[in-house]
Amino acid sequence: MTTDPASDWTGPNSLVPPAPVVSVRGLTHRFGSGCDRCIALTGEAAGTNRCSACGAVVAVYDASFDVGPHEVLGVVGESGSGKTTLLRCLHLDITPDAGSISVAGQPIERSAVVMVHQNALAAGLYPRLAAESNVAERLLGRGARHFGKVHTRAAELLTELGLHPERHTDALMTFSGGMQQRVQLARALVDPPQVLLLDEPTTGLDPSVQADLLDVVQRVTEALGSASIVVSHDLAAVRVLASRIVVLHHGRIVEEGICEQVLEDPQHPYTQLLVSSRLT
Ligand SMILES: Nc1ncnc2c1ncn2[C@@H]1O[C@H](COP(=O)(O)OP(=O)(O)O)[C@@H](O)[C@H]1O
Ligand SMILES: [Mg+2]
Ligand SMILES: [Zn+2]
C-alpha cells in the first residue's frame, strides 16, 4: 500500500479525468459510393469535402474525441462542415463507413442517445398534441405504464423549463419557436439519456429568445450526468454551453481544446478565421 497521494488515481480530487461516457474513434462518413482517391482529394489541402474524381462528399473523416460525464462538448464549423452528419452517426440515423462509437465502454445503442433538433416540429414532435402529452409520450414509449404519474412528471419538467402550467395542455403548434424548443428539451430529459445531442438548438430564434433558451440549456446540461454534445455555427452559443470544443472544417477536426482557450487563442488558421468573423 503506497502513501503517495499522486498515486490515488481514482480519488475525488484526482486530476485524472473520469472515464468518458462517449468515445468516438476514427469516425468517417461519406455520401456517395466513393473511390480510392476521395480522402486524398478532400480536406484542408484540397479546400473541399467533395471528391473531384467521383463526386462523393466526405462529410466526416477520421473524427476522434471523448466526452465525459457532466461534460458539454461543442462542435463548431461553418455550414456544410459535417456537424449534423457527425451527430446523425452518433444518433445511429446513419451508419458510418468507418470508426467506432462507444458509450460507457460498450458499442453505442439507440436507447442511450437523444437528439434535440433545431426545430421541434421537424424533430418528430406532434403539433396537434398538448405540450404535456408530447413529453409524456416519450415516457410511455419507453415502457412507463402509470398514466397519472407520467403526466405529473411531464408537467413538473415543463414548469421547470419555463412553461406556465396554464399552457401545458395547449397544442404544441400554438407555441412560439422558443417555447417549442423547451418542450423538445423536456421530452428529451424526461428520461435522461446517457448521451444528449443538440443540433443548433437555438438557431433561427429571436436573439432575446435565444439567450433565454441558452440559459435553460445550460442549466439542464450542467445538472445532467449525461455527456452532451452541442453543435452550432454560433460560437457565442457554444461558448456559453461547452467546456471543450472541436472545430470541424471540410469534415476534418482541425482543432480541439478547452473552449475558452480555443476561442481566445485559436491556433489553426481556419479557427482564427471563424473566430474573427463571428465574434467581432
Ligand atoms: N443526405 C446527404 N446526401 C448527400 N450529401 C449530404 C447529405 N447530407 C449532408 N450532405 C453533405 O455533407 C456535408 C456535411 O453536411 P452537414 O453534416 O449537414 O453539415 P453541417 O451540419 O455542418 O452544416 C455537406 O457538404 C452536405 O452537403
Ligand atoms: Mg447542420
Ligand atoms: Zn472519390
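Provide a single number: the residues in segment 236-275 that are hydroxyl-bearing (Ser, Thr, Tyr) and away from ligand 1 (no atom under 16 Å from the Cβ).
Initially, segment 236-275 is screened for residues hydroxyl-bearing (Ser, Thr, Tyr), giving 243, 270-271.
From what's left, away from ligand 1 (no atom under 16 Å from the Cβ): 243.
Residues meeting the conditions: 1.
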- Taking Glu132, is it away from ligand 1 (no atom under 16 Å from the Cβ) and closer than 24 Å to Pro17 by Cβ? no
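For (1) surrounded by fewer than 23 Cβ atoms within 10 Å (Cβ to Cβ); (2) within 16 Å of ligand 3 (Cβ to nearest atom); (3) more than 17 Å from Arg182 (Cβ to Cβ), each residue gets a yes or a no:
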site	(1), (2), (3)
Arg219	yes, no, no
Ala223	yes, no, no
Val247	no, no, yes
Val262	no, no, yes
Thr271	no, no, yes
Val275	yes, no, yes
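Could you tell me how many of the residues in segment 150-172 are closer than 12 Å to Val190 by Cα and either at pLDDT 95 or above or in a helix (DSSP H, G or I) (or both)? First the steps, then the outcome.
We begin by selecting, within segment 150-172, every residue closer than 12 Å to Val190 by Cα; these are 150-158, 160-161.
Narrowing the set further to residues that are either at pLDDT 95 or above or in a helix (DSSP H, G or I) (or both) leaves 150-158, 160.
Qualifying residue count for the region: 10.
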- Out of (1) in a loop (DSSP other than H, G, I, E, B); (2) surrounded by 20 or more Cβ atoms within 10 Å (Cβ to Cβ), the one Leu92 does not meet is (2)
- Message: For segment 17-80, give me every one of the strands (runs of 3 or more DSSP E) that falls completely inside it and has 1 or more residues that are polar (S, T, N, Q) and at pLDDT 95 or above.
- Response: 22-31, 57-67
- Within segment 41-81, can you find the residues that are more than 16 Å from ligand 2 (Cβ to nearest atom), of a type in the set (D, E, K, R) and farther than 25 Å from Ser226 by Cα? Glu44, Arg50
- Task: Test Leu185 against the stated conditions and say whether it is over 22 Å from Phe65 (Cβ atoms), touching a helix residue (DSSP H, G or I) at 6+ places or on another chain (Cβ under 8 Å) and surrounded by 17 or more Cβ atoms within 10 Å (Cβ to Cβ).
- Result: yes
- Item | Filter result (crowded, with 17+ Cβ neighbours inside 10 Å and more than 13 Å from ligand 1 (Cβ to nearest atom)) within segment 40-66 | Leu41, Phe65, Asp66
- Go through the residues of segment 82-95 one by one and say whether even a single one is at negative phi and away from ligand 2 (no atom under 16 Å from the Cβ). yes
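For segment 96-129, give me each residue that is part of a strand (DSSP E or B) and touching a residue at least 40 places away in the same chain (Cβ under 8 Å).
Of everything in segment 96-129, those that are part of a strand (DSSP E or B) and touching a residue at least 40 places away in the same chain (Cβ under 8 Å) turn out to be Ala98, Gly99, Ser100, Ile101, Ser102, Val103, Val113, Val114, Met115, Val116.
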- Could you run through segment 166-182 and say how many residues are in contact with a strand residue (DSSP E or B) (Cβ under 8 Å, 6 or more places away or on another chain) and among the hydroxyl-bearing types (Ser, Thr, Tyr)? 1
- Only residues that are in a helix (DSSP H, G or I) and surrounded by 13 or more Cβ atoms within 10 Å (Cβ to Cβ): list them for segment 130-149, please. Ala131, Glu132, Ser133, Asn134, Val135, Ala136, Glu137, Arg138, Leu139, Leu140
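The values are calculated or read from the model by the stated rules, or taken from the named source; none is laboratory data. What you are looking at is a predicted structure, and each value in this text was computed from that prediction instead of being measured. Note that we place each Cβ from the backbone using ideal geometry, even for glycine, and neighbour counts take in every protein chain shown.
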